[in-house]
1. Considering only residues that are without any contact (Cβ under 8 Å) to a residue 60 or more places away in the chain and either of a type in the set (F, W, Y) or within 21 Å of G141 (Cβ to Cβ) (or both), which ones fall in the stretch 102-122?
2. Please pick out the residue among L196, L183 that is farther than 26 Å from D302 by Cβ, out of contact with any Phe, Trp or Tyr (no Cβ under 9 Å at 6 or more places or on another chain) and buried (at least 22 other Cβ atoms within 10 Å of the Cβ).
3. Of all residues being outside any helix (DSSP H, G or I) and among the hydroxyl-bearing types (S, T, Y) in the stretch 355-373, which is surrounded by the most Cβ atoms within 10 Å (Cβ to Cβ)? Just the residue, please.
4. With of a type in the set (G, A, S) and on the phi > 0 side of the Ramachandran plot as the only criterion, which of G17, G41 stands out?
5. Determine which member of the set S149, S116 is surrounded by 19 or more Cβ atoms within 10 Å (Cβ to Cβ), of a type in the set (G, A, S) and assigned by TED's automatic domain parsing to the domain that holds T38.
6. Residue pairs, Cβ under 7 Å, 6 or more apart or interchain, first in the stretch 292-303 and more than 12 Å from K206 (Cα to Cα), second at pLDDT 95 or above and of a type in the set (G, A, S). List them.
7. Residue check, S46 against (1) touching a residue at least 24 places away in the same chain (Cβ under 8 Å); (2) surrounded by fewer than 16 Cβ atoms within 10 Å (Cβ to Cβ), all met but one. Which one?
8. Evaluate the following for I327: is it at pLDDT 95 or above, surrounded by 19 or more Cβ atoms within 10 Å (Cβ to Cβ) and either in a loop (DSSP other than H, G, I, E, B) or outside the structural domain of H263 (by TED's automatic domain parsing) (or both)?
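The values are calculated or read from the model by the stated rules, or taken from the named source; none is laboratory data. None of the values given here were measured: they were computed from a predicted structure. Because the Cβ atoms are built from the backbone with ideal geometry, glycine has one as well, and the counts that use them run over all protein chains shown.
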Amino acid sequence: MQDFQFYFPTTLKSGFGMVKQAGALLKPHVEGKLLVVTDPGLMGSSVLDSLFDSLEKADLSYEVFSDVEPNPSTEVLENAVRRLEESGCGAVIGVGGGSSIDTAKGVVAMATHPGSILDYEGYGKLVNEPLPLFAIPTTSGTGSECTASTVFTNKETSFKTAIISPLLFPKIAILDPELTMKLPAPITAATGMDALTHAIESYVSKQANPISQALALHAIRMISSNIKKTYFVGSDAVARENMLVASFLAGVAFTQSKLGNVHAISHTFGGVFNIAHGVANASLLPYVVKFNLEACPELFRDISVALGQDVAGLSEYDAGAKVIDYIVDLNKMIGIPQNTKDLGVDLDMLPQLVRDSMRSGNVLVNPRLTSSEDIEKIIVNSYNGVLD
């Protein structure tokens, strides 16, 4: 067993209706006003009403920045920082999917650092204490509420830049399944598969440790037992709560272990083609599992068991291969494309896709040693829908 450390400073508050306590929970940590970072869709709905009511009851003044876009760009971040400075806010809460929470992370970091967020690409380059940060996810997938990373797209290069620092952990994360009850089925599918990808990649990562693997494996069990109910029923409160907690567990796991080739490639797809992150992950996942299977069949056997597959009498390899079949069948069931061509991937961009994917630190922790030629083959196979 390799040496490892486990650091997780975020306080978690979880439960139905928990958002109604947000004002009281946050007020002791906020000097001045709070900036709420979210997206136009949430602002146009009633989902955030209970949060705003809670802030007002706690006499906590706030401003709202609601221009977050999917795969947020540096321009969006700069606009959000400008809103923070103009309004005099001293703390930030990200409310929504991963894009909103990632943007909130960028805001608290750039409030105390010079230059561009792109200057801090990689691990540990942030040095100044950021403003207080809080997070409330409204989807069950990204895990951004419990991770030490944020990602922004450089529109000039179409590259999604990852910034990783222990300073980016939120002080408080609030999980309220009630906020996810009305998620549309396609978003439920995409974010649920995002969480499953996090858990699988974390479990087999070269940087995994016993704690991260325990969290990842339990997240896999919870997701496999609940994702279909959240997709097909939607209003199953227990399933919604389980998926939200599972997403959190997977996030805690991968912030310790990093991820793998799925995320190396899917971030590139998001930057170049603006493809939704969870859908890209889901479509790529069976192709990367197929590639990785030879490297650690015993770990994929564990995953098969966690997914509820019958592996009695099978070799480790054959048992592990059931993960591929499970993902393919689940993707079909919940409307995820079976190939990345249908996502809008264009192989004319293949050289850039390979180059940008190999730039990701996730390739280094992928369980199977990976070359540029390997990444190219995975992308081409996923485009053509070929699992060979």
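1. D102, G106, Y120
2. Matching residue, one of L196, L183: L183.
3. S360
4. G17
5. S149
6. As it stands, the answer is L293/G320; L293/A321; P297/G320; F300/G320; R301/A319; R301/G320, since those pairs meet every condition given.
7. (1)
8. Against the criterion (at pLDDT 95 or above, surrounded by 19 or more Cβ atoms within 10 Å (Cβ to Cβ) and either in a loop (DSSP other than H, G, I, E, B) or outside the structural domain of H263 (by TED's automatic domain parsing) (or both)), I327 does not qualify.
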